[in-house]
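Remarks on the structure that follows.
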Amino acid sequence: MSLVAAAVCPHPPLLVPEVAGAAAGELDDLRAACDAAVARLLDARPEQLLLIGSGPRTTRFNPADHGSLRPYGVDRQVRLWKVNCAGGPHLPLSLTVGAWLVGRSGTELPRFAHSVATDATADECARLGAELATVAARPRTALLVLGDGSACRGQKAPGYDDPRAQAYDDGVAAALAHADTGALLGLDPVLSTELQAAGRAPWQVLAGAVRAAGGDWRGDLTHHTAPYGVAYLVSTWERA
């Protein structure tokens, strides 16, 4: 795989306006940042997109697989890519929202998806990233990596308030801003789980892929907020 660019976006179901309902406007800035990140991926002229997000297990999905927004109050299926062949309702939330974001761009590029188990070790994530980056005879590929930061930013947060959350998210933000693969691979899986940071494993897959791809990379952090006590970070990585 010739890795040409990567982007990191969060995957809250409220990112989808139909799910958010009357509160959709509260995430307009985040939605715009995610759209811009996907647009920058496309500006790198990839020949295919690979989505990476957390899930119950590590697996690759069929291009016709889809995910459902029904658990979040909207009877809607979001298909990864192909509509003219059989697929199943297999996508986890991370990849469902990722497929929705790519669909908003209007691109007709082929797209594929791979989940990484939420409890995968840092070494397992790095190896998966390296495998994805070194498979032979792959075209120019851009990665869309889905993952939220901590969910413990305040008393109304899903994980309640944890004084370690701010520093954790600030560290992730700095790593994403500077394309710091070492900092991402150094994230503690135990602490990440305690802080309910769903992005830890996918970010480490990104780090493993970029390391295996080689070359110099630059990062650009374009969004970092925690409107509901959950950290939402958007970043793009490009070859320097």
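The values are calculated or read from the model by the stated rules, or taken from the named source; none is laboratory data. Here the structure is a predicted model, which means the values were calculated and not measured. Here the Cβ positions follow ideal geometry from the backbone for every residue, glycine too, while neighbour counts run over all protein chains shown. For accessibility, only protein heavy atoms count, side chains too; no ligands or nucleic acids. Shrake-Rupley method; radii C 1.70, N 1.55, O 1.52, S 1.80 Å.
Here are the numbers for this structure:
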{"read-out": "Charge context of Ala99, other residues only, Cβ under 11 angstrom, K/R +1, D/E -1", "value": "+2"}
{"read-out": "Cβ crowding within 10 Å averaged over residues, with 105-111, 146-152 ranked highest first", "value": "146-152, 105-111"}
{"read-out": "Ellipticity estimate at 222 nm from DSSP helix runs (n ≥ 4, -39,500 (n - 2.57)) divided over the chain, nearest 500", "value": "-10500 deg cm²/dmol"}
{"read-out": "Diffusion coefficient, µm² s⁻¹, Stokes-Einstein with Kirkwood Rh over alpha-carbon pairs of segment 19-144 at 37 °C and 0.692 mPa s", "value": "212 µm²/s"}
{"read-out": "Computed lengthening from Glu47 to Ser2, 0.36 nm per intervening residue step minus Cα-Cα distance", "value": "15.2 nm"}
{"read-out": "Potential extension, Glu108-Arg239 segment - 0.36 nm per residue separation minus Cα distance", "value": "44.8 nm"}
{"read-out": "Cβ-based charge dipole, the chain, positive-most Cα from Pro71, Ala165, Leu233", "value": "Pro71"}
{"read-out": "Separation of the Val190 and Asp161 label points, Cα + 7 Å toward Cβ, nm", "value": "2.6 nm"}
{"read-out": "The chain - percent of accessible surface contributed by carbon and sulfur, probe 1.4 Å", "value": "50 percent"}
{"read-out": "Per-peptide average of other Cβ atoms within 10 Å, ordering 168-175, 22-29 highest first", "value": "168-175, 22-29"}
{"read-out": "Relative contact order computed over segment 1-69 (Cα-Cα under 8 Å; 6+ residues apart), in percent", "value": "34 percent"}
{"read-out": "Rounded to the nearest 20 debye, dipole of the chain from Cβ charges on Lys, Arg, Asp, Glu", "value": "720 debye"}
{"read-out": "Bins of 10 Å from zero: percent of alpha-carbon pairs in the chain", "value": "8, 35, 40, 15, 1"}
{"read-out": "Antiparallel bridge percentage (DSSP; both residues within segment 1-114; nearest 5)", "value": "50 percent"}
{"read-out": "1.4 Å probe accessible area per residue over the chain, in Å²", "value": "42 Å²"}
{"read-out": "Only Lys, Arg (+1) and Asp, Glu (-1) charged, at Cβ; segment 85-161 dipole about Cα centre in debye", "value": "320 debye"}
